[in-house]
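Step one of this worksheet: look at the structure below.
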Amino acid sequence: MERPEAEPLGASHSCQTGEAEPGTGPAEEEPGGAAAGTMMEDCLSKKIEITVSEAEKRTGRNAMNMQETYTAYLIETRAVESQTEGQCSPPDSLWRRYSEFELLRNYLLVNYPHIVVPPLPEKRAEFVWHKLSADNMDPDFVERRRIGLENFLIRVASHPIICQDKIFYSFLTQEGGWKEMVNETGFQLKADSRLKALNATFRVKNPDKRFTELKHYSDELQSVISHLLRVRARVADRLYGVYKVHGNYGRVFSEWSAIEKEMGDGLQSAGHHMDVYAGSIDDILEEEEHYADQLKEYLFYAEALRAVCRKHELMQYDLEIAAQDLASKKQQCEELATGTLRTFSLKGMTSKLFGQETPEQREGKIKVLEEQIHEGEEQLKSKNVESREFVKSAWTDIERFKEQKNHDLKEALISYAVMQISMCKKGIQVWTNAKECFSKM
């Protein structure tokens, strides 16, 4: 992607007019190097092994004191060092609900807005084919979600920045009082409102081209993967029917064998092979769900990318508003200093109706404006620095995410293709076996 240059906001403190053009500027420093290598070595995933080993259906009371059924997940952690030294100490373990995983991720989104935060697995099944249950308490769905939650924790623990967060570490190690600890951070107060984000999207005047393109890419990625998952669900439906109908071959061959003496054994054996073939589709489609879940992860990653883009739009919009406010104050200061009005204003009409202000009043107003201008310039300078740091950090993490995405999706698609090839070979073998049965009749 292009990285267009942008001028910093702000100008020297004076009553003279001057224009400040919003812009964050790109990060010139590329990710990687010794620092990145050191950070990867410090990742939590290098120090502890994390598993979500078990899911358990429970019943309890919610915040409204109403009875509810939910699933709890057992998180186990074990120090990597103890394993390398040959010690086999029991893992530390605790239980977490899905809602606690959601709380953790919301905390990470607010406190690390420049990070492409890993997504959680779906709360309710999507893109299911007709034989799969959409019930979120279905054992097969709960098992897939268990795997997805484990993957989420490993993703966070492998991230060079968010893996070092104390709240995340407490999530893995401290069962009691964790929610209170998260809420005490006050992260909810720092969360940007959706209305404010939407307002910034439509009103920002000078968006960064790279983030605009990234936002468009995330929309397209989500659309493409959604279509792919729908196609896969339709194929699974048809494939299930094709395989199961082969069971009819088995039934017919078995019935036919009963009336044949010389051909009976061959027909019976061929029917058995057809039955095995018909029954194999259940395991095949169960394995396919694993690859579908890998695609779904990146379907949800698209929203994580958009969250970074929205934060940048908000920061850029705040910069532009601050620049406009500063320009307005400088204009007011100049008008008071020169006694000329550049634009129509209510104050100008008031002066004409009730007389001009005294020199002392003008001096007092100019002094107040100069103080406000000085404060505005300092705020603008601070916002520029903050915005540049955000762009630099965000783009570093986006580049990291791109490498991860390209690797993961490539591996998933190759594995899916290999599975399809294996499935076709099994089909060929079944008919080869049936041919041999027919040959022996």
Amide H contacts under 5 Å for E54, restricted to residues at least 5 apart in sequence or on another chain and with H modeled in the peptide plane, are L74
Count of lysine pairs in segment 34-191 with Cα atoms under 21 Å apart, counting only pairs 8 or more residues apart in sequence or on different chains?
-> 9
Alpha carbon convex hull of segment 363-441, projected area averaged over orientations, nm² | 7.7
Between V128 and residues 5 or more places away or on another chain, the pairs with built amide H atoms under 5 Å apart involve none
Identify the GluC sites (Glu not before Pro) of segment 232-287 meeting these criteria: DSSP loop state and at most 13 other C-beta atoms within 10 Å of the C-beta.
-> E260, E262
Can you send over the solvent-accessible area of L221, 1.4 Å probe, protein chains only, in Å² to the nearest 10?
-> 20
Share of alpha-carbon pairs per 5 Å distance bin for segment 240-341, given as whole % = 2, 11, 9, 7, 7, 6, 5, 5, 5, 5, 5, 4, 4, 4, 4, 3, 3, 3, 3, 2, 2, 1, 1, 0
Given just the C-alpha atoms of segment 34-191, how large is their convex hull per residue in cubic angstrom?
-> 155
In segment 272-336 the accessible area split gives carbon plus sulfur, as whole percent at 1.4 Å, a share of 50
Residue by residue through segment 106-114, the couplings from Karplus 6.51 cos²θ - 1.76 cosθ + 1.60 with θ = phi - 60°, in Hz, x for Gly and Pro, are 4, 4, 5, 4, 6, 7, 10, x, 8
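Order R210, R251, most accessible first, counting only protein heavy atoms with a 1.4 angstrom probe.
R251, R210
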List every residue whose amide H lies under 5 Å from the amide H of D165, counting only residues 5 or more places away in sequence or on a different chain, with H placed 1.01 Å from N in the peptide plane.
-> none
In sequence order, what are the phi-derived ³J(HN,Hα) couplings for segment 115-126 according to the Karplus relation 6.51 cos²θ - 1.76 cosθ + 1.60 with θ = phi - 60°, rounded to whole Hz, with x for glycine and proline?
-> 9, 7, 5, x, x, 8, x, 4, 7, 10, 5, 10
Cleavage-rule hits, trypsin sites (Lys or Arg not before Pro), segment 407-441, DSSP coil, Cβ neighbours within 10 Å at most 15 | K440
Just the accessible area for C424, please: 1.4 Å probe, Å², rounded to the nearest 10?
-> 80
Got a sec to turn the phi values of segment 237-246 into Karplus ³J(HN,Hα) couplings, 6.51 cos²θ - 1.76 cosθ + 1.60 with θ = phi - 60°, whole Hz, x for Gly and Pro?
-> 4, 5, 5, 4, x, 4, 5, 5, 5, 5
Sorting I373, I154 on solvent-accessible surface, 1.4 Å probe, most exposed first, gives I154, I373
Percent breakdown of C-alpha pair distances by 10 Å bin, ordered from the shortest bin, for segment 100-237 | 9, 28, 33, 24, 6, 0
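The values are calculated or read from the model by the stated rules, or taken from the named source; none is laboratory data. None of these values were measured; they are calculated from a predicted model. Cβ atoms come from the backbone with ideal geometry, glycine included; neighbour counts cover every protein chain shown. The protein model used for the area step is the full one, side chains on, heavy atoms only, and it has no ligands, DNA or RNA in it. Shrake-Rupley method; radii C 1.70, N 1.55, O 1.52, S 1.80 Å.
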